[in-house]
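What follows is a single structure, written as structure tokens, with notes after it.
Taken together, the values in this text are just the output of simple stated rules run on the coordinates, not laboratory data. Just so you know, these numbers come straight off a predicted model, no measurement behind them. Glycine gets a Cβ as well: all are built from the backbone with ideal geometry, and neighbour counts include every protein chain shown.
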Amino acid sequence: MRRWGWVVIIAGVAAVMSVLAVQWRERFFAGGAPAPPARGVRIDRIGWIGSPGPLSTAHAKLSDDCQACHVPFHRVADLKCRGCHARNTELVERRATAFHAQASGCSTCHVEHQGRGARISRMEHAIVHPSVACTACHFDRHQARLGTACATCHLSETWKVAGYRHPSPRSHVCFECHQPPPSHFMMHFEMMDRMVTGQRDATVDQCFRCHTTDHWNDIKGVGFYKHH
């Protein structure tokens, strides 16, 4: 029986060490072990030993309640995250963050225990599923006139197009990329816009007759003009 007793003890110690090793994998091996809790701060000592680091300011109130996010011997459960954030209507109503309504794998983008001042939201385009269109998060300023293959011109690191040069001010193909405002398709265009510019016979697709390429409101022969 003594022999089996030692086996049980060794197995128990190995199990505990395995749990601690998993929890510390991101911090301990990089030399960033968490500092002990300050004197007077109420926190579970066992929780501190197993913690890979302090929580961010947003989650600081959960520092002494590991089970608010964790399930024993498992990764952070998405169900735990939804329990607090499901009522965040602002998150799902904004165009740029509405995808959270169907999101899963919260810890893929949101990583905790990086310190009080850490920003726990990280956006990596590489993890976005190929079926998710760019316009699911980004507003298409081209209004679909250039198609949906955004990666043809844009990179995920920056929205600016490398090496792009606007066509010459003498170009007459503005209408291929730019969509006139709604007022240009109403009487406002004939009664106001053409009167201001002096181009009384200009048509809506002849943008170059009135506009410069420096700024949309920089009108030829008039200067910067804003009538609203």
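For the pair M17 and D205 in one chain, pulling the backbone fully straight at 0.36 nm per residue adds 60.5 nm over the alpha carbon distance. A Förster distance of 25 Å, applied to the separation of the beta-carbon atoms of F73 and W6, puts the FRET efficiency at 0.60. Of all lysines in the structure, those lying under 16 Å Cα to Cα from K61, and not within fewer than 8 positions of it along the same chain, are K80.
Full extension of the segment from R145 to H166, taken as 0.36 nm per residue of separation minus the current Cα-Cα distance, would add 5.9 nm. Legend: calculated FRET efficiency, H188 to M123, from the Cβ-Cβ distance at R0 = 35 Å, rounded to 0.05, equals 0.30.
Among the GluC sites (Glu not before Pro) in region 89-149, those placed in a DSSP loop whose Cβ has at most 14 other Cβ atoms within 10 Å are E124. Full extension of the chain between H215 and T152 yields a length gain of 20.1 nm, computed as 0.36 nm times the residue separation minus the alpha carbon distance.
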